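The values are calculated or read from the model by the stated rules, or taken from the named source; none is laboratory data. Owing to the predicted nature of the structure, the values given are computational and were not obtained by experimental measurement. For neighbour counting, all protein chains shown are included, and Cβ atoms are generated from backbone atoms with ideal geometry for every residue, glycine included. Protein only, heavy atoms only, side chains kept; ligands, DNA and RNA dropped before computing areas. Shrake-Rupley method; radii C 1.70, N 1.55, O 1.52, S 1.80 Å.
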Amino acid sequence: MNRIVTLDEFIIRRQIDFPYASGELTSLLRDLGVAAKIVNREVNKAGLVNILGVADSQNVTGDQVQKLDLYANEKFIDCLKNSGECCGIASEENEDFIPLPGVESKTGKYVVVFDPLDGSSNIDVNVSVGTIFGIYRRTSEQDDACNVNDFLQRGTELVAAGYVLYGTSTLLVYTTGRGVNGFTLDPSIGEFCLSHQNIQIPDRGNYYSVNQGYYLKFDVEMRRYIDHCSDMNLRLRYIGSMVSDIHRILFQGGIFLYPNTRKYPHGKLRLVYECNPLAYIVEQAGGKAITCQLQRILELPVEHLHQRATVAIGSPDMVEEMKAFVERYSAAPTFP
Ligand code: AHM
Ligand code: MG
């Protein structure tokens, strides 16, 4: 029988890879793993304890907030508060960032950004949802309280990012910039166990993932690319939970698109909480992540916490192909 490697054990082993590492990032990742287990427990029993359904509020970007989103948000905040490694957090569910007091006179070096429960429209119907997180080293002085600039760093500055997929099984996938590894929660022992080592995205795949219901609202170059995917007999898969859709593409190859529409002229997805962490993971696995206007996502300047971006993320050859379509069709001559 293969020896089981738990998430905690793996994180501690990896600490040795970082010269001068003092263990803070290690503890922070472990705290996120604990929060994921607590949220997982609640996601699994949500139907039984009446926390499904829509709470009486909207999040700061105007979407309906589900009760389980609030629960997940609270649990991640609580775990990070107690960690002492993190001096502030920014969550998709909160309008502003939250500075965290030091623990035992220790001030944290890191800030954490997260979307506590992504794909919330899936909650009521028992379809996969996920948590996305990113970790940055603070840029403010360690003795001061954190400030907004700690969170407005480009994705290239991420020191770690990950996601948790609450699906048929629960998986935690993360990177600290040296490859991507995945852990499956074994409910019998309550531990995330290493199940997918050094994940590599295929160069191309058979899937494309986009809300094709908005087809007529996309720009012409994006419509041409989607026509091409359909002509190539690619399979359309769209769960409506970015974590789940990206997870399929990471493992099986393909491309995930969320272009600009009339309703969302800058795209719908949030750069800080969703696009940057997932772009970092996909790039670390050998994939590409650009906007539908062809800038590399991780290099986008971040001007405000809830900034949105368009995305084309996935297998490297397919993202390149989409780029070629955009270049060709957006350069098409206009007739007088
Ligand atoms: P959420 O964070 O409020 O759940 O919204 C983000 C989700 C993504 O997970 C998903 O890709 C997208 O919104 C789906 O949007 P749409 O219903 O417009 O296709
Ligand atoms: Mg989200």
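Structural remarks
- Residue ID - farthest from P301 (Cα to Cα), chosen from residues in segment 240-285 that are open to solvent by 10 Å² or more (accessible area, probe 1.4 Å), away from ligand 2 (no atom under 13 Å from the Cβ) and in contact (Cβ under 8 Å) with a residue 60 or more places away in the chain: H247
- Matching residues, segment 77-124, being away from ligand 2 (no atom under 13 Å from the Cβ) and in a helix (DSSP H, G or I): I77, D78, C79, L80, K81, N82, S83, D124
- Checking L171, L234, L250 one by one, the residue that is within 29 Å of V39 (Cβ to Cβ) and assigned by TED's automatic domain parsing to the domain that holds Q293 is L250 and no other.
- Residue in segment 227-239 that is under 30 Å from N147 (Cα atoms) and among the β-branched types (V, I, T) present: no
- Of all the numbered requirements in (1) open to solvent by 10 Å² or more (accessible area, probe 1.4 Å); (2) in contact (Cβ under 8 Å) with a residue 40 or more places away in the chain, K288 misses one, and that requirement is (2).
- Segment 202-231 - residue that is under 13 Å from S315 (Cβ atoms) and out of contact with any strand residue (DSSP E or B) (no Cβ under 7 Å at 6 or more places or on another chain) and, of those, least open to solvent (accessible area, probe 1.4 Å): P202
- Taking segment 224-336 and the strands (runs of 3 or more DSSP E) fully enclosed by it, the elements with 1 or more residues that are within 27 Å of D124 (Cβ to Cβ) are at 254-258, 311-314.
- Counted residues, segment 127-176 - those being within 16 Å of ligand 2 (Cβ to nearest atom), in contact with a Phe, Trp or Tyr (Cβ under 7 Å, 6 or more places away or on another chain) and either open to solvent by 20 Å² or more (accessible area, probe 1.4 Å) or among the aromatic types (F, W, Y) (or both): 2
- Tally of residues being in a strand (DSSP E or B) and either β-branched (V, I, T) or in contact with a His (Cβ under 7 Å, 6 or more places away or on another chain) (or both) across segment 173-193: 6
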